[in-house]
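S.K.: Please find one structure pasted underneath; my questions will follow.
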Amino acid sequence: MFKRKKEKSENPLNSPGLVSMINPKSIVAEQFRMVRTNLEFSIVDKDLKSFLVTSLAPSAGKSTISTNLAATFATQGKKVLLVDTDMRKPTIHKILKMRNNEGLSTLITSKEATIFEYIEKTEFENMYVLTSGATPPNPAELISSKRMEQLIEEMEQAFDLVIFDTPPVLAVADSQIMAGKVDGTLFILRKGVDTKVQIQSANERMESVNANVLGAIYNRIEPSDDDCYYYEYI
């Protein structure tokens with residue numbers, strides 16, 4: 001079904017960012033499972049088919065959290081697709097130790113291509129990934145295109161859940177554009193770094209596109225490596 005395979009340079013199980021899979025009995029892995037449960041109950045009228053993960057600024061850990069959330073949902077038996085929609089500074093392929101010469105940017109600009117040509121099955125059961133592909137000169141234009149809307153629809157039909165890792169919302173417009181196309185938005189906040197003014201500004205941008213804000217994860221609220229995440233509604 002997934003014809004095009006990207007060569008892996010290393011085993012992703014060696015990646016320190018995949019704590020939920022490497023050490024499933026850890027406190028952090030349990031917190032990811034708690035976030036999964038909260039997200040499942042965040043939309044009561046319909047199934048949660050897609051959501052994006054964004055932060056206010058770079059270096060908040062959103063890509064690591066996106067990857068671990070995808071893996072956590074996959075362990076529940078859901079067929080999950082993780083899409084690296086950050087075509088400006090992609091990270092998902094680094095966490096999963098994959099090549100990134102082709103991906104989302106290629107798929108959007110290849111009008112006749114199907115999602116199955118560029119999606120790859122990961123080493124983890126039920127978890128699939130679409131890397132960002134080569135960096136284009138116009139990421140926001142690609143994301144706002146009719147072609148992107150078509151691809152999102154195809155992804156939601158082919159998978160139980162689609163998670164989009166997107167750029168920081170206060171840096172560029174990409175996340176704001178995407179928020180109007182998916183079922184929900186999840187913020188990653190840096191405890192003690194992101195201010196109330198920044199959070200309010202980010203929330204207002206999402207409200208302007210009628211985004212459904214599911215909540216926020218505070219990253220690294222404690223210095224201990226085993227106590228890094230906290231989820232709440234905002």
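Throughout, read-outs are computed from the coordinates displayed, never taken from laboratory work. Remember, predicted model here, so these are calculated numbers, not experimental data. Every residue, glycine as well, gets a Cβ built from its backbone with ideal geometry; the counts of neighbours run over all protein chains shown.
S.K.: What percent of all Cα-Cα pairs in the range 90-176 falls into each 10 Å bin, going from 0 up to the bin containing the maximum distance?
M.R.: Over the range 90-176, the share of Cα pairs per 10 Å bin runs 15, 52, 31, 2 percent.
S.K.: Okay, moving on. Take Val83, Val197 and order them by how many other Cβ atoms sit within 10 Å, fewest up front.
M.R.: Sorted ascending by nearby Cβ count, the order is Val197, Val83.
S.K.: Right, here's the next one. Of the peptides 76-82, 202-208, how do they stack up when ordered by the mean number of other Cβ atoms within 10 Å, highest first?
M.R.: With the highest mean Cβ count within 10 Å placed first, the list reads 76-82, 202-208.
S.K.: Mind pulling the per residue volume of the convex hull built on the Cα atoms of the range 12-232? Å³ is fine. Please list the in-between numbers first.
M.R.: Working: hull volume 24.5 nm³, N = 221.
With only Cα atoms used, the range 12-232 gives 111 Å³ per residue.
S.K.: Right, next: Calculate, in nm to one decimal, what Ile27 and Thr109 gain on full extension: separation in residues at 0.36 nm each, minus their alpha carbon distance.
M.R.: In short, 25.3 nm is gained.
S.K.: Something else: Against the globular-protein guess of 2.2 N^0.38 Å, express the Cα radius of gyration of the range 19-126 as a ratio, rounded to two decimals.
M.R.: This ratio for the range 19-126 stands at 1.13.
S.K.: Using only the Cα atoms of the range 60-100, build the gyration tensor, take square roots of its eigenvalues as a ≥ b ≥ c, and label the shape rounded, prolate or oblate: rounded if a/c is under 1.5, else prolate if a/b is larger than b/c, else oblate.
M.R.: It is prolate, given that a/c is not under 1.5 and a/b is the larger ratio.
S.K.: Rounded, prolate or oblate: which one fits the range 108-153, using the alpha carbon gyration tensor with axes a ≥ b ≥ c (rounded when a/c is under 1.5, else prolate when a/b beats b/c, else oblate)? Walk me through the intermediate numbers first.
M.R.: Working: a/c = 2.23, a/b = 1.74, b/c = 1.28.
Prolate, since a/c reaches 1.5 and a/b exceeds b/c.
S.K.: A further question on this structure: What is the order of Met87, Met98, fewest Cβ neighbours within 10 Å to most?
M.R.: The fewest-first ordering by Cβ neighbours comes to Met98, Met87.
S.K.: Hey, another quick one. Where in the range 77-125 are there GluC sites (Glu not before Pro) that are in a DSSP coil and have at most 14 other Cβ atoms within 10 angstrom of their Cβ? List each step's numbers first, then the result.
M.R.: Numbers: sites: Glu102, Glu112, Glu117, Glu120, Glu123, Glu125; in loops: Glu102, Glu112, Glu123, Glu125.
Those satisfying the criteria are Glu112, Glu123, Glu125.
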